[in-house]
Amino acid sequence: MTKSRLEAFTDGVVAIVLTVLILDIQIPNSPTLASIYNILNTLLAYTISFIFVAVIWVNHHRVMQMAEKINYGVIWANIFWLFWLTLCPAVTSWVGRNPTSFWPEIFYVLVYTMWSFSFGILSKKVVAANEPTSHVAKVLSRDRRSGISMVINLVTLAGVFIYPPLGMLGRFLVSGIWIMSYRKADYWYHRIFTSK
């Protein structure tokens with residue numbers, strides 16, 4: 001399979017997931033602000049999930065642009081990553097309807113944590129498929145966001161046991177980390193954690 005075919009397949013799945021996310025929002029019949037207030041939690045969950053899907057899709061595109069080669073390890077890691085992506089609309093819908101309930105929040109955080117984890121696996125498989133001196137290997141081996149994201153995910157997971165709405169907040173924080181390009185993320189990581 002070629003890299004462009006894998007990207008096209010991934011783009012199709014992402015487009016479907018984004019479409020399913022929006023289809024869950026029930027437009028109120030009443031033309032009042034109060035009717036919008038009634039679906040505010042659903043809109044919030046949708047917005048946070050949409051931002052995260054968009055941000056990670058952009059990063060997937062960046063990784064694929066940098067990669068010179070892919071192999072079956074990359075393909076299967078990508079499919080594993082897409083599996084967790086396809087669960088996002090279901091848990092987003094559940095948490096949007098029950099934003100203060102434990103089980104919807106815990107499953108929301110678990111699915112998105114596994115999606116972050118699987119993106120880390122995908123990144124490692126891309127590095128392994130390319131030469132150690134390749135641009136993608138150098139960039140991804142220096143990137144610390146997967147590790148930082150997992151720390152935030154695990155703290156969020158523990159926090160949901162205390163206060164369930166922390167699930168969406170944690171997801172929003174992880175999205176913020178991934179908005180930066182790989183070069184800017186590397187720059188800020190070294191500036192914050194390795195400067196004297």
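For ALA54 and ILE27, FRET efficiency with R0 = 25 Å and r from the beta-carbon atoms, rounded to 0.05?
So the FRET efficiency works out to roughly 0.70.
Thinking of the range 44-169 as a set of Cα atoms, what percent of all their pairs are more than 25 Å apart?
It works out to 28 percent of all Cα pairs.
Averaged per residue, what accessible area in Å² does the range 72-165 show with a 1.4 Å probe, protein chains only?
47 Å²
Carbon-plus-sulfur fraction of the accessible area of the range 1-58, 1.4 Å probe, in percent?
Answer for the range 1-58: carbon and sulfur cover 70 percent of the accessible area.
If you bin every alpha carbon distance in the range 1-89 into 5 Å steps from zero, what whole percent lands in each bin?
Reading upward from the zero bin: 3, 12, 21, 20, 14, 10, 8, 5, 4, 3, 1.
Can you give the local net charge around MET1? Use residues other than it whose beta-carbon is closer than 14 angstrom to its beta-carbon, Lys and Arg +1, Asp and Glu -1. Walk me through the intermediate numbers first.
Details: positive: LYS3, ARG5, LYS69, LYS125; negative: GLU7.
Around MET1, the charge tally is +3.
Give me the aspartates and glutamates in straight-line cross-link reach of LYS69: C-alpha distance below 17 Å, same-chain residues under 8 apart excluded.
Counting by Cα, and skipping residues close in sequence, LYS69 has these aspartates and glutamates nearby: GLU7, GLU131.
Across bins of 10 angstrom width beginning at 0, how are the C-alpha pair distances of the range 9-51 distributed, in whole percent?
The distribution over the range 9-51 is 26, 44, 22, 7, 0, given as percents.
What order, most packed first, do the peptides 25-31, 39-45 have when packing is the mean number of other Cβ atoms within 10 Å of each residue?
Ranked by mean Cβ neighbours within 10 Å, highest first: 39-45, 25-31.
Counting helices only, and only those DSSP H runs with n ≥ 4, report the 222 nm mean residue ellipticity of the chain as the sum of -39,500 (n - 2.57) divided by its residues, in deg cm²/dmol to the nearest 500.
The helix-only estimate for the chain comes to -27000 deg cm²/dmol at 222 nm.
The values are calculated or read from the model by the stated rules, or taken from the named source; none is laboratory data. Not measured: the values here are computed from a predicted model. We place every Cβ from the backbone using ideal geometry, glycine too, and count neighbours over all the protein chains shown. Side chains included, ligands, DNA and RNA excluded: accessible areas come from the protein's heavy atoms. Shrake-Rupley method; radii C 1.70, N 1.55, O 1.52, S 1.80 Å.
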